[in-house]
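Inspection log for the structure reproduced underneath, given as structure tokens.
The values are calculated or read from the model by the stated rules, or taken from the named source; none is laboratory data. None of these values were measured; they are calculated from a predicted model. Ideal geometry is used to build each Cβ from the backbone, glycine not excepted, and the neighbour counts take in all protein chains shown. All accessible areas refer to the heavy atoms of the entire protein, side chains included, with ligands and DNA or RNA removed. Shrake-Rupley method; radii C 1.70, N 1.55, O 1.52, S 1.80 Å.
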Amino acid sequence: KAGVTQTPRYLIKTRGQQVTLSCSPISGHRSVSWYQQTPGQGLQFLFEYFSETQRNKGNFPGRFSGRQFSNSRSEMNVSTLELGDSALYLCASSQGLGHTDTQYFGPGTRLTVL
Amino acid sequence: AQSVSQHNHHVILSEAASLELGCNYSYGGTVNLFWYVQYPGQHLQLLLKYFSGDPLVKGIKGFEAEFIKSKFSFNLRKPSVQWSDTAEYFCAVRVRGNDYKLSFGAGTTVTVRA
């Protein structure tokens with residue numbers, strides 16, 4: 001089975017721009033979660049989706065948004081980019097939202113904001 | 001505040017030495033516990049997980065972890081490390097209930113010298 005894929009792998013943007021990141025979960029997985037990884041803050045939860053519905057959202061400003069499609073693929077969008085948004089954005093998928101479901105991570109998208 | 005603490009920021013070992021990484025959490029209730037590893041240039045991979053039952057769990061590559069409920073701990077161990085174990089190790093906690101997100105520790109960088 002192919003793992004979680006994320007595109008693009010690298011992005012360079014300037015302040016004020018917006019960006020869309022894409023995640024394709026493992027085949028058969030219906031839940032997708034997003035995390036931000038930075039050297040200073042570590043791994044922080046952004047949001048999770050299941051069956052096209054956002055089930056939970058982390059403590060991030062409204063500039064961060066996401067959605068999930070009927071094929072379970074997910075996108076996240078960051079508008080009005082700030083320097084502090086430079087990070088590795090990780091997507092994780094799991095079969096569902098059961099307590100025994102395990103999240104498997106993709107390689108991430110490295111976003112650099114100049 | 002609820003948190004996940006990893007005691008060591010950076011550990012340096014020689015090959016064949018034993019490794020133990022500490023992880024403590026401050027969440028109440030029933031938790032699921034995970035250790036993930038991030039090798040240089042690679043994505044987060046699951047090492048092992050604990051959901052219930054035997055508190056001593058075995059994972060991949062010879063790693064094991066022990067859940068001690070009374071101490072809110074989930075320490076990772078490996079009896080004899082190899083150079084290829086050089087990586088960053090993350091402890092993660094999920095509180096069972098409505099919240100499915102993973103809360104991560106800050107990570108421990110392990111450097112194994114040949």
Discussion item. Is it the case, given these coordinates, that B:Ser70 is of a type in the set (Ser, Thr, Tyr), modelled with pLDDT under 95 and farther than 24 Å from A:Leu90 by Cα?
Written reply: yes
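Residue-wise test of (1) among the small types (Gly, Ala, Ser); (2) at pLDDT 95 or above.
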position: A:Thr5; (1), (2): no, yes
position: A:Ile12; (1), (2): no, yes
position: A:Gln17; (1), (2): no, yes
position: A:Pro25; (1), (2): no, yes
position: A:Tyr35; (1), (2): no, yes
position: A:Thr53; (1), (2): no, no
position: A:Ser70; (1), (2): yes, yes
position: A:Asn77; (1), (2): no, yes
Item to complete: Considering only region A:10-114, give the strands (runs of 3 or more DSSP E) lying wholly within it that have at least 2 residues that are touching a His at 6+ places or on another chain (Cβ under 7 Å).
Response: A:87-94
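Matching residues to (1) out of contact with any helix residue (DSSP H, G or I) (no Cβ under 8 Å at 6 or more places or on another chain); (2) more than 14 Å from chain A (Cβ to nearest Cβ); (3) closer than 16 Å to B:Leu33 by Cα; (4) part of a strand (DSSP E or B):
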residue	(1), (2), (3), (4)
B:Phe67	yes, yes, yes, yes
B:Val81	yes, yes, no, no
B:Tyr89	yes, no, yes, yes
B:Arg94	yes, no, yes, yes
Worksheet item: Conditions: (1) more than 14 Å from chain A (Cβ to nearest Cβ); (2) loosely packed, with under 14 Cβ neighbours inside 10 Å; (3) touching a residue at least 40 places away in the same chain (Cβ under 8 Å); (4) closer than 20 Å to A:Thr102 by Cα. B:Lys71 meets all but one. Number of the miss?
Response: (4)
Fill in: Matching residues in region A:44-63 - criterion: being under 19 Å from B:Ser103 (Cα atoms) and either open to solvent by 20 Å² or more (accessible area, probe 1.4 Å) or away from chain B (no Cβ under 14 Å) (or both)
A:Gln44, A:Phe50, A:Gln54, A:Arg55, A:Asn56, A:Lys57, A:Asn59, A:Phe60, A:Pro61
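Condition (residue is more than 12 Å from chain A (Cβ to nearest Cβ), in contact with a strand residue (DSSP E or B) (Cβ under 9 Å, 6 or more places away or on another chain) and open to solvent by less than 10 Å² (accessible area, probe 1.4 Å)) applied to region B:103-112: is it met by at least one residue?
Taking region B:103-112 as the starting set, the residues that turn out to be more than 12 Å from chain A (Cβ to nearest Cβ) are B:110-112.
Now drop any that are not in contact with a strand residue (DSSP E or B) (Cβ under 9 Å, 6 or more places away or on another chain), which leaves B:110-112.
From what is left, the residues that are open to solvent by less than 10 Å² (accessible area, probe 1.4 Å) are B:110, B:112.
Yes, there is a match, as at least one residue in region B:103-112 is more than 12 Å from chain A (Cβ to nearest Cβ), in contact with a strand residue (DSSP E or B) (Cβ under 9 Å, 6 or more places away or on another chain) and open to solvent by less than 10 Å² (accessible area, probe 1.4 Å).
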Item to complete: Test B:Ala17 against the criterion of being surrounded by 13 or more Cβ atoms within 10 Å (Cβ to Cβ), more than 20 Å from A:Gly42 (Cα to Cα), in contact (Cβ under 8 Å) with a residue 12 or more places away in the chain and small (Gly, Ala, Ser), and give yes or no.
Response: yes
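Out of A:Val32, A:Val78, report the one residue that is open to solvent by less than 30 Å² (accessible area, probe 1.4 Å), within 12 Å of chain B (Cβ to nearest Cβ) and over 20 Å from B:Gly107 (Cβ atoms).
The unique qualifying residue is A:Val32.
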